[in-house]
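Chemist: One structure, as structure tokens, below. Some questions next.
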Amino acid sequence: MKALISIIMSVYNEKQEWIQDSIESILKQTYQNIEFIIIIDNPNNSVATELIKEYAKKDNRIKYFINEKNKGLIYSLNKALQYANGDYIARMDADDISHKNRLEKQLNYLCDNNLDLIGSNVNLFNENGIFYITNKLLTHKYIVKLLKAGTIGIVHPTFFAKRDIFIKLNGYKNAFHVEDKDFLARVICNNFKVGNMKNISLDCRYNNQSITKNNAIYINKMGKYITNIFQKCTRIKQYSFDEKYYDNLKISKEELTSFNQKQILMAQARESLNNKKYITFIILLFKAIFSSRSTLSSIKINLYFKVFKILEDIELRLSR
């Protein structure tokens, strides 16, 4: 009998058509032995609730549960995991679209390469269509190096993993806004193997109003914290996460202002680079550096990625 795959998803205030596209993309997968566990994290969202109820009536592979109040993504994902019976767990966001063969390809890739958790490349899209295609590092070795350098190397909505990992690690921790980075760090610290498919398996919606965009400075602070404890874990083999770290974060108005200004300047710089306006790009980049010290950290991580990508490509070609 084919292995059962549990897909876990949280719904909050996404647009109805986005939720429909997301659900349809899972129900129409080439791999059919699935259960789709949806947590409605806004009990007042009657439109989403009725929509999901109708889908559940038509397809018994859908199981939905409604939180009594807004509890957040981490709580909702952990709740979904409690109801998951699958041999494998796949993540999904309510505003993204999985490619039709995503689950089939990810299952085969994970098993064929003897891995425990994988992701894939994605298309980033907005109302104007696809504007960027990722080119992720593929191998465990270089994903670890990138995480040590300061950033996650697997896109969270493409997570596909053995259920045993989620059980052993007791799901997601309260690493607000960076729960995916924390989870991946713990996966690696517990000697599980990770990787990425080169294939694109998901269209990832880029929404300027998303929670992660609105809390960018907290993502930055929490991300640096996870990087630090992961680096220590690679040395002393102990991952020590402080559940109260987020609550104790203090950010001054001046720091917030300079960080937000840096974010705007970096976005403008990227747009200038895409439009081949190189002088404008350099000017904006220097302005961003003077605006916030965190800019240099971002530049350093991007340089590390480019070096790792070159080295990984060479190693993969030599191993063929």
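Bear in mind these aren't lab numbers, they're just calculated from the coordinates by the rules spelled out. Because the structure is a prediction, the values reported are computed rather than measured. Glycine also receives a Cβ, built like all others from the backbone with ideal geometry; neighbour counts cover every protein chain displayed.
Chemist: Multiply the residue gap between ASN207 and ASN191 by 0.36 nm, knock off their C-alpha separation, and tell me the result in nm, one decimal place.
Modeler: In short, 2.3 nm is gained.
Chemist: Using only the Cα atoms of segment 1-95, what semi-axes does the equivalent ellipsoid have when each is the square root of 5 times a gyration tensor eigenvalue? Give whole Å, largest first. Present the calculation step by step, with values, prior to reporting the outcome.
Modeler: Working: eigenvalues 84, 47, 23 Å².
Output for segment 1-95: semi-axes of 20, 15, 11 Å.
Chemist: Note down the relative contact order for the chain as a percent, whole number, built from C-alpha pairs under 8 angstrom at least six residues apart.
Modeler: 17
Chemist: When only alpha-carbon atoms count, how far does segment 120-166 stretch along each of its three principal axes, as whole angstroms with the largest first?
Modeler: So the extents along the principal axes, rounded to whole Å, are 38, 27, 16.
Chemist: Between GLN32 and TYR246, 0.36 nm times their residue separation minus their Cα-Cα distance comes to what?
Modeler: 73.1 nm
Chemist: Can you compute 3J(HN,Hα) from phi for each residue in segment 116-128, using the Karplus curve 6.51 cos²θ - 1.76 cosθ + 1.60 with θ = phi - 60°, rounded to whole Hz and x for Gly and Pro?
Modeler: Couplings: 10, 8, 9, x, 7, 6, 9, 8, 8, 9, 9, 5, 9 Hz.
Chemist: To continue, here is another question. Treat the count of other C-beta atoms within 10 Å as a stand-in for reagent exposure and order PHE183, PHE176 from fewest to most.
Modeler: By the 10 Å Cβ count, ascending, the order reads PHE176, PHE183.
Chemist: Let me ask another. Using only Cα positions of the chain, each an equal point scatterer, no hydration layer, compute I(q)/I(0) via Debye at q = 0.06, 0.14 Å⁻¹ and quote the log10 values to two decimals.
Modeler: Log10 of I(q)/I(0), two decimals: -0.21, -1.22.
Chemist: Quick one: if you stick a label point 7 Å off each Cα along the C-beta vector at ASN85 and ASN228, how many nm between them?
Modeler: Going from the ASN85 label point to the ASN228 one covers 4.5 nm.
Chemist: My understanding is that a pair violates if its Cα-Cα distance is over 21 Å; which of LYS28/LYS63; LYS105/LYS181; LYS141/LYS306; LYS53/LYS100; LYS15/LYS162 do that in this structure?
Modeler: Result: LYS105/LYS181; LYS53/LYS100; LYS15/LYS162 exceed 21 Å.
Chemist: Run the numbers on segment 251-320 and let me know its relative contact order in percent, using alpha-carbon pairs under 8 Å that are six or more apart. Can you show the working numbers first?
Modeler: Details: 36 pairs, mean separation 20.0, N = 70.
It rounds to 29 percent for segment 251-320.
Chemist: Given axes a ≥ b ≥ c from the Cα gyration tensor, I'd like to know whether segment 251-320 is rounded (a/c under 1.5), prolate (a/b larger than b/c) or oblate.
Modeler: oblate
Chemist: On C-alpha positions alone, give me the angle between the axis of helix 253-274 and the longest principal axis of the chain, in degrees, nearest 10.
Modeler: Compared with the principal axis, the helix lies near 90 degrees.
Chemist: Same structure, new question: Could you work out the relative contact order of segment 89-172, using alpha carbon pairs under 8 angstrom and six or more residues apart, expressed as a whole percent? All intermediate terms of the calculation are to be shown ahead of the outcome.
Modeler: Details: 79 pairs, mean separation 33.0, N = 84.
Over segment 89-172, the number comes to 39 percent.
Chemist: Which shape class applies to segment 79-119: rounded if a/c is under 1.5, otherwise prolate when a/b exceeds b/c and oblate if not, where a ≥ b ≥ c are the square roots of the Cα gyration tensor eigenvalues?
Modeler: oblate
Chemist: Hey, with R₀ at 35 Å, roughly what FRET efficiency would PHE290 and ASN170 work out to, going by the Cβ-Cβ distance, to 0.05? Display every interim value, and only then the final one.
Modeler: Working: r = 43 Å, r/R0 = 1.24.
After rounding, the FRET efficiency stands at 0.20.
Chemist: Ok, one more. Relative to the longest principal axis of the C-alpha atoms of the chain, give the angle of the C-alpha long axis of helix 216-236, reported between 0 and 90° and rounded to the nearest 10°.
Modeler: Relative to the chain, helix 216-236 is tipped by roughly 90 degrees.
Chemist: Now, a different point. Please determine, in degrees from 0 to 90 and to the nearest 10, the orientation of helix 46-58 with respect to the longest principal axis defined by the Cα atoms of the chain, where the helix direction is its Cα long axis.
Modeler: Roughly 50 degrees, rounded to the nearest 10.
Chemist: OK, next. So which GluC sites (Glu not before Pro) in segment 9-87 are both in a DSSP loop and have at most 12 other Cβ atoms within 10 Å of their Cβ?
Modeler: Numbers: sites: GLU14, GLU17, GLU24, GLU35, GLU50, GLU54, GLU68; in loops: GLU14, GLU68.
Passing sites in segment 9-87 are GLU68.
Chemist: If you don't mind, another one. Would you please classify the overall shape of segment 168-320 from the alpha carbon gyration tensor, given that a ≥ b ≥ c denote the square roots of the eigenvalues, rounded means a/c under 1.5, and beyond that prolate means a/b larger than b/c while oblate covers the rest?
Modeler: The shape class here is oblate.
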